Amino acid sequence: MASEIWTEKYRPTNFSEIFGQEDIVKRVQSLTNSLNIPHLLFAGPAGTGKSTMALVIVKELFGKDWKENYLELNASDERGIQIVREKVKNFARTKSIGNIPFKIIFLDEADALTPEAQQALRRTMENYSSTCRFMLSCNYSSKIIDPIQSRCAAFRFKLLEKKDIEKVLKNIGIKEKLEISDGAIEILYEGSEGDCRRAINLLQSTAFVSPIVNESIVSTVISNAKPKDIRTVLDYALSGDFQMSREKLLDVMLKESISGQEVIKAIQKEIWNLPVEPELKVKLTEKTGETEFRIVEGSDPFIQLQSLIASFVLAGLGK
Amino acid sequence: MKQTNWTEKYRPRFFSDVKDQDLAVQKVRDFVKNFPKTVKKALVLHGPPGVGKTTLAYVAKNETNSEIFELNASDLRNKEKMNSILKPAIEQKSLMKEQKIILVDEVDGISVVDRGGLLELMRLIEYSTHPIIITANDIWNKKFSDLRRKTESVQLKEVDFQSIKEILIGILRNERKFISNDVLTNISIKARGDVRAAINDLQTASSLPDPSKVLIDERNKEMDIFTALKMIFKGKPNNALLSLYDSVNKPLDEIMLWVEENIPLEYHGEELVKAYDALSKVDIFKRRIYRQQYWRFLVYENAFLSYGISSSKNPNETKSGFTSYKKPTRILKMWLNNRRTEKKKSIAKKYARYVHIGEKRALYEFATVKAFLTKPEIQKELKLTEDEIEYLGKETLSNKI
């Protein structure tokens, strides 16, 4: 049964269905065809096709048996390397089904693992290399320790270009009998920031409201889905009201379940749109960078963010 | 002028100087006189602080012209230490004097860290050739049950306030100072049987222009968080702040939340930035302690949270007036929110598995996808429970485009 969630329904099932990432597709396809697959490392932003690539590979390799020979783990969900190891061990213990002599383990968001956990993972990769191939995905390959990187063939996924997103959306539009205007495509692309999953989700949300997808409906859907309150947080701070700003910040973080790092990302982007002097924008960006660093180093992102909005209060005074 | 500590200067030297502890004095006198023909080889002096336990041991030394060997809480008293330090002392004769008294002070301080120390002490008592005096606050503690059997215990009672007052008057006379009778009475009562505390208060009071001030600060009392915040935010930064939180009966993590909550009530502009910068550093050291299990960092955590926050204020401005400090609310809000978003999380989890993404990412995308998650077909696919479906229903109605 086909899924009703479009990101699944229209997920490519073979190499020819993948739009964009042409170079990677070519190289991965030849590796797959030779049945000689090394460990793979997929690096790149969210929604650029890393998980899809892994799924296509296993489907090409194992055909209808793919589910028995494939284990998908998300490193940011599975608590600790211990559980990862446990699951990997259990999975790797039995032989693969079919003609291919190995199974495949896909470890998503591997950069969520601490360096220590990665060291442990490296041993696991070695121990089961005869029966398992690992595919790792990450946003930044710099967060993957060198010994793992050197054991993998690395592929860098780029943000999807507008023409690729357009192809994907139009294809869905035809199959779902939607009427998508060119302007809507433009706005969907901008809203997606090159993240294909997000583009499809935005299209499905819009189509849920109306099969006629035009600019104004898309804009409404996008602005509704955005944590727009970050701007409110900054506006309060600039107006000198630290307490309201702080309250709003906590509110946004709790209600939208967004992490400190996501907040700081939104703040960093928003600085350029603030009504302050250019020199201050640079200063605030510097402080934002420092705060992001401290969030990574510290234990309580909310404290670090308060420290940042205190600087915005000062900026509001022209300092 | 030589600055002397009156508690040392007026520590009793002979049995006759010891006030209001007649029974204990008698027992100590007999013990050291009759040793080693006493029933027990060691004597435990127990009672509240400042009533003369250690003093009595030193008095016994003076009266018998002995030498004293002291082991106190500042020495780590595990089995090895007991053996390497106490054992030779117990076996060796005194070099200069006729007799030697072994004082094991503040035995309450032998803790879990001093594993085996207490057992070793009791073994050493058995063959000691010198009288051993042990002091303790709470002899009825379970860990001392064996010690009670092996030793003779002597209780020192709280010194009554009249006796304390007499001691104080004697000291004032000698120092040629005057303090009003009312203040003396107050100090004596407030000491609650603790002579040392009373003498300390007296010395403080005698050096103040207005001696009645000394009564405001109650010793040994825990400081409440409001007072601590006041000292941090209103006062000038001073070194006493570094140990301020030691007397607050809340863990440092909680104090941190109190400080966080109340910074904006006191500080503005640059002060606000500086104070939060200090707090930000507190947080970083906290994480480092946790990660590296390196507890020395606690010093820095504490310094930034006290002195650091206090010194963030503009030195030219005084923070006067009353501030009504607020209880931290963040943890409560987080807890309430967690309960509210429990369903959202469970839905996001199912969705995440289904579309091959992480839970965190699913939560982040929730706002985008929640509209179409209300489709019955999708809810069936994700195997959502009735509760979860109900949650989504509510969500879309309230967020209708």
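Readers should treat all values here as calculations from the given coordinates under stated rules, not as data from a laboratory. As the structure is a computational prediction, the values presented were derived from the model and not from experiment. Glycine also receives a Cβ, built like all others from the backbone with ideal geometry; neighbour counts cover every protein chain displayed.
Can you tell me which of A:Pro301, A:Pro12, A:Pro115 moves the most in a GNM of chain A? Springs connect C-alpha atoms under 10 Å apart.
A:Pro301
As a check on your grasp of the helix formula, calculate [θ] at 222 nm for chain A: sum -39500 (n - 2.57) over DSSP H runs of n ≥ 4, divide by the residue count, round to the nearest 500.
So the calculated ellipticity at 222 nm is -18000 deg cm²/dmol.
With an 8 Å cut-off on Cα pairs and a minimum separation of 6 or more residues, tell me the relative contact order of segment A:181-225 in percent.
Worked out over segment A:181-225, it gives 45 percent.
How long is the gain from A:Lys26 to A:Lys269 if the chain were fully straight, where each residue apart is worth 0.36 nm and the alpha carbon distance is subtracted?
Stretched fully, the A:Lys26-A:Lys269 segment lengthens by 84.0 nm.
With charges set only on the Cβ (+1 for Lys and Arg, -1 for Asp and Glu), what does the dipole of the protein assembly as shown come to about its Cα centre, in debye to the nearest 20?
With Lys and Arg at +1 and Asp and Glu at -1, about 1820 debye.
In whole angstrom, and with the biggest value first, how far do the Cα coordinates of the protein assembly as shown range along each principal axis?
Principal extents (largest minus smallest coordinate, Cα): 108, 63, 47 Å.
Considering amide H positions built from the backbone, and no H for Pro or chain starts, which residues 5 or more places from B:Ile101, or on another chain, come under 5 Å of its amide H?
B:Glu67, B:Ile68, B:Phe69
Could you check which residue among B:Lys333, B:Lys61, B:Lys87 shows the biggest mean-square fluctuation in a GNM of chain B with a 10 Å Cα cutoff?
B:Lys333
Around A:Ala154, which amide H atoms from residues at least 5 apart in sequence, or from another chain, sit under 5 Å from its own amide H, with H modelled in the peptide plane?
Residues meeting the criterion, in which the H sits 1.01 Å from N, are A:Leu41.
Normalising by the residue count of chain B, find the relative contact order in percent from Cα pairs under 8 Å and 6+ residues apart.
13 percent
Classify chain A as rounded, prolate or oblate, taking a ≥ b ≥ c as the square roots of the eigenvalues of its Cα gyration tensor: rounded when a/c is under 1.5, otherwise prolate if a/b is larger than b/c and oblate if not.
It is oblate, given that a/c is not under 1.5 and a/b is not larger than b/c.
If contacts are Cα pairs under 8 angstrom and at least 6 residues apart, what is the relative contact order of segment A:229-316 in percent?
40 percent
Using a 10 angstrom cutoff on alpha carbons, build the Gaussian network for chain B and name the most mobile of B:Pro251, B:Pro49, B:Pro131.
Highest fluctuation of the listed residues: B:Pro251.
Provide the FRET efficiency to the nearest 0.05 for the A:Glu72-A:Ala153 pair, computing r from the beta carbons and using R0 = 25 Å.
So, using R0 = 25 Å, E works out to roughly 0.85.
Quick one: which residues, 5+ away or cross-chain, put their amide H under 5 Å from the amide H of A:Met135? H built at 1.01 Å from N.
A:Leu40, A:Ile105, A:Phe106, A:Leu107
Work out the mean other chain Cβ neighbour count within 10 Å for the residues of A:102-108 and drop it here as an integer.
1
List the trypsin sites (Lys or Arg not before Pro) within segment B:242-312 that fall in a DSSP loop (any state other than H, G, I, E or B) and whose Cβ has at most 12 other Cβ atoms within 10 Å.
Those that pass, being in a loop and sparsely packed, are B:Arg296.
Please give the net charge around A:Phe19, taking every other residue with its beta carbon less than 11 angstrom from that of A:Phe19, where Lys and Arg add +1 and Asp and Glu add -1.
That works out to -2.
Please find the FRET efficiency linking B:Asn34 to A:Lys255, where r is the Cβ-Cβ separation and R0 is fixed at 56 Å, and quote it to the nearest 0.05.
0.10
What shape does segment A:162-225 take by its C-alpha gyration tensor, where a ≥ b ≥ c are the square roots of the eigenvalues and a/c under 1.5 counts as rounded, a/b above b/c as prolate, and the rest as oblate?
In terms of gyration-tensor shape, rounded.
Mind listing the phi-derived Karplus ³J(HN,Hα) values for segment B:125-132, rounded to whole Hz, using 6.51, -1.76 and 1.60 with θ = phi - 60°, and x for any glycine or proline?
Values per residue, Gly and Pro as x: 3, 3, 10, 5, 9, 10, x, 10 Hz.
Under a straight-distance cross-link criterion of Cα-Cα below 17 Å, which lysines are reachable from A:Lys269, leaving out those fewer than 8 residues away in the same chain?
Partners found: A:Lys226, A:Lys228, A:Lys281, A:Lys283, A:Lys287.
Using helices alone, what [θ] at 222 nm do you get for chain B, with -39,500 (n - 2.57) per DSSP H run of 4 or more residues, divided over all residues and rounded to the nearest 500?
That calculation yields -14500 deg cm²/dmol at 222 nm.
Of the listed pairs A:Lys87/B:Lys286; A:Lys95/B:Lys344; A:Lys26/A:Lys89; B:Lys177/B:Lys250; A:Lys26/A:Lys177; A:Lys26/A:Lys170, which have alpha-carbon separations greater than 29 Å here?
A:Lys87/B:Lys286; A:Lys95/B:Lys344; A:Lys26/A:Lys89; B:Lys177/B:Lys250; A:Lys26/A:Lys177
Which shape class, rounded, prolate or oblate, goes with segment B:223-264 when its Cα gyration tensor gives a ≥ b ≥ c as root eigenvalues, a/c under 1.5 marks rounded, and past that a/b bigger than b/c marks prolate?
oblate
May I ask you to evaluate 6.51 cos²θ - 1.76 cosθ + 1.60, the Karplus curve with θ = phi - 60°, for each residue of segment A:35-51 and list the ³J(HN,Hα) values in order in whole Hz, giving x for glycine and proline?
The phi angles translate into 6, 10, 9, x, 5, 10, 10, 9, 10, x, x, 5, x, 10, x, 5, 5 Hz.
What number comes out for the charge environment of B:Lys53, summing +1 per Lys or Arg and -1 per Asp or Glu over other residues with Cβ under 13 Å away?
Taking every Cβ under 13 Å from that of B:Lys53, the sum is -3.
Restricting attention to segment B:96-192, which chymotrypsin sites (Phe, Trp or Tyr not before Pro) occupy a DSSP loop and are surrounded by at most 14 other Cβ atoms within 10 Å?
Passing sites in segment B:96-192 are B:Tyr127, B:Trp140, B:Phe178.
Explain nothing, just the number: dipole magnitude of segment A:229-316 about its Cα centre with +1 on each Lys and Arg Cβ and -1 on each Asp and Glu Cβ, in debye rounded to the nearest 20.
The calculation lands at about 80 debye.
Can you give the charge dipole size of segment A:162-225 about its Cα centre, rounded to the nearest 20 debye, using +1 on the beta carbon of Lys and Arg and -1 on the beta carbon of Asp and Glu?
Magnitude of the dipole: close to 260 debye.
Just to check I understand the Karplus step: with θ = phi - 60° and J = 6.51 cos²θ - 1.76 cosθ + 1.60, what whole-Hz values come out for segment B:258-266, glycine and proline as x?
Couplings: 5, 4, 3, 4, 9, 3, x, 6, 10 Hz.
Stokes-Einstein at 37 °C, 0.692 mPa s, Kirkwood radius from Cα pairs: D for segment A:229-316 in µm² s⁻¹?
Using the Kirkwood radius from Cα pairs, D works out to 261 µm²/s.
Among B:Gly116, B:Ser128, B:Gly193, flag the residue with its Cα farthest along the positive direction of the charge dipole of chain B, charges on Cβ as +1 for Lys/Arg and -1 for Asp/Glu.
Farthest along the dipole direction, towards plus: B:Gly116.
Considering only Cα-Cα distances, which of the following residue pairs are longer than 32 Å: A:Lys167/B:Lys360; A:Lys255/B:Lys375; A:Lys103/B:Lys350; B:Lys79/B:Lys281; B:Lys9/B:Lys234; B:Lys190/B:Lys333?
Those over the limit are B:Lys79/B:Lys281; B:Lys9/B:Lys234; B:Lys190/B:Lys333.
In degrees between 0 and 90, to the nearest 10, how far off the longest principal axis of chain A does helix A:260-270 point, with axes built from Cα atoms?
60 degrees
Of the trypsin sites (Lys or Arg not before Pro) in segment A:160-228, which ones lie in a loop per DSSP and count no more than 15 other C-beta atoms within 10 Å?
A:Lys177, A:Lys228
To check you understand DSSP bridge types, tell me what percent of the beta bridges within the protein assembly as shown (both residues inside) are antiparallel, rounded to 5.
Expressed as a percentage, antiparallel bridges in the protein assembly as shown total about 0.
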